[in-house]
Amino acid sequence: MSQANPGRLTVLTGPSGVGKGTLVGRLLERHPEIWLSISATTRAPRSGEQDGVHYFFLNREAFEAQIAAGGFLEWAEFAGNLYGTPRQPVERQLEAGRPVLLEIELEGARQVRKSFAAGFQLFIKPPSLEELEARIRGRGTDSDEAIARRLQRARIELAAESEFDAALINGDLEVALGELEALMGL
Ligand code: ADP
Ligand code: 5GP
């Protein structure tokens, strides 16, 4: 970007169930100036999830057409579904000088690292794998098969922590929120 005062891009990554969505929700309540990217996905909506609010829910064909058109800043397959960040809104918000937040998985974070080298990449860790599993199960939204896939993927993601600019443990939510704010310079 060549703007005089481009907005800052922050990427938040961490295993499914670690509490990224919860942390981001609290962060946005406290800092409404932050713009959260809404991703596209081929995953089915969970109960309560709304199209255009939590995700843009696309079928595989529509998602692949958007890939072909270069419409994603990054995209990846996760636990059998496709997820991607629509490119244009992110670029517009950064051009407008707004802080932009992406909540995406590891492969997407790696892609963004290449195109936005100056972006800040933050990794969220669970206190333990047992606690992670308990949170995914406690959320009550995933089948046993989906839980198994997410936990398998979690091990891979946790091994990549050192690639990130910083990491924090989401143990106590309030403590983690404070650490997140401090790391983001808020
Ligand atoms: P993610 O977005 O990373 O997949 P969620 O935000 O959906 O994770 O959180 C997964 C589950 O863990 C939810 O039921 C949420 O209420 C719970 N949770 C989130 N943060 C904490 C925390 N710090 N302590 C205990 N439970 C948490
Ligand atoms: P969930 O199905 O639990 O909403 O999300 C599964 C995983 O996909 C999470 O790790 C989440 O961060 C990631 N994710 C959500 N949106 C995107 C996206 O646009 N791109 C990528 N690469 N990952 C995403």
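Among the residues making up region 106-154, those that are more than 17 Å from A166 (Cα to Cα) and of a type in the set (S, T, N, Q) are Q111, S115, S128, T141, S143, Q152.
Residue check: is G7 modelled with pLDDT under 95 and either farther than 20 Å from Q93 by Cβ or within 12 Å of ligand 2 (Cβ to nearest atom) (or both)? So G7 fails the test.
Scanning region 66-76 for residues that are open to solvent by less than 70 Å² (accessible area, probe 1.4 Å) and either within 27 Å of L168 (Cβ to Cβ) or in a helix (DSSP H, G or I) (or both) gives Q66, I67, L73, E74, A76.
For beta carbons closer than 7 Å, sequence separation of 6+ or different chains, a first residue in region 26-54 that is touching a residue at least 24 places away in the same chain (Cβ under 8 Å) and a second that is in a strand (DSSP E or B) and among the β-branched types (V, I, T), the qualifying pairs are W35/V100; S37/T85; S37/V100; S39/T85. If you scan region 77-88, which residues turn out to be more than 18 Å from A44 (Cβ to Cβ) and either of a type outside the set (D, E, K, R) or in a strand (DSSP E or B) (or both)? Within region 77-88, T85, P86, Q88 qualify. Here T42, T22 are screened, and the one residue that is β-branched (V, I, T) and open to solvent by less than 70 Å² (accessible area, probe 1.4 Å) is T42.
For region 55-79, a residue qualifies if it is in contact (Cβ under 8 Å) with a residue 60 or more places away in the chain and in contact with an Asp or Glu (Cβ under 6 Å, 6 or more places away or on another chain), and exactly one does: F78.
Conditions tested, residue by residue: (1) of a type in the set (A, V, I, L, M, F, W, C); (2) touching a Cys at 6+ places or on another chain (Cβ under 6 Å); (3) more than 12 Å from ligand 2 (Cβ to nearest atom).
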site	(1), (2), (3)
G14	no, no, no
G17	no, no, no
L23	yes, no, no
R30	no, no, yes
S37	no, no, no
Q50	no, no, yes
L58	yes, no, no
F72	yes, no, no
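Scanning region 143-160 for residues that are open to solvent by less than 60 Å² (accessible area, probe 1.4 Å) and farther than 11 Å from A79 by Cα yields a count of 3. Taken together, the criteria place S115 among residues that are of a type in the set (S, T, Y), more than 12 Å from L12 (Cβ to Cβ) and more than 15 Å from ligand 1 (Cβ to nearest atom).
Would you check if I147 is at pLDDT 95 or above and within 15 Å of ligand 1 (Cβ to nearest atom)? So I147 does not fit the description; no.
The values are calculated or read from the model by the stated rules, or taken from the named source; none is laboratory data. Just so it is clear, the model here is predicted, and its values are computed rather than measured. Positions of Cβ are backbone-derived with ideal geometry, glycine not excepted, and every protein chain shown enters the neighbour counts. Just the protein is used for accessible areas: all its heavy atoms, side chains included, with ligands, DNA and RNA removed. Shrake-Rupley method; radii C 1.70, N 1.55, O 1.52, S 1.80 Å.
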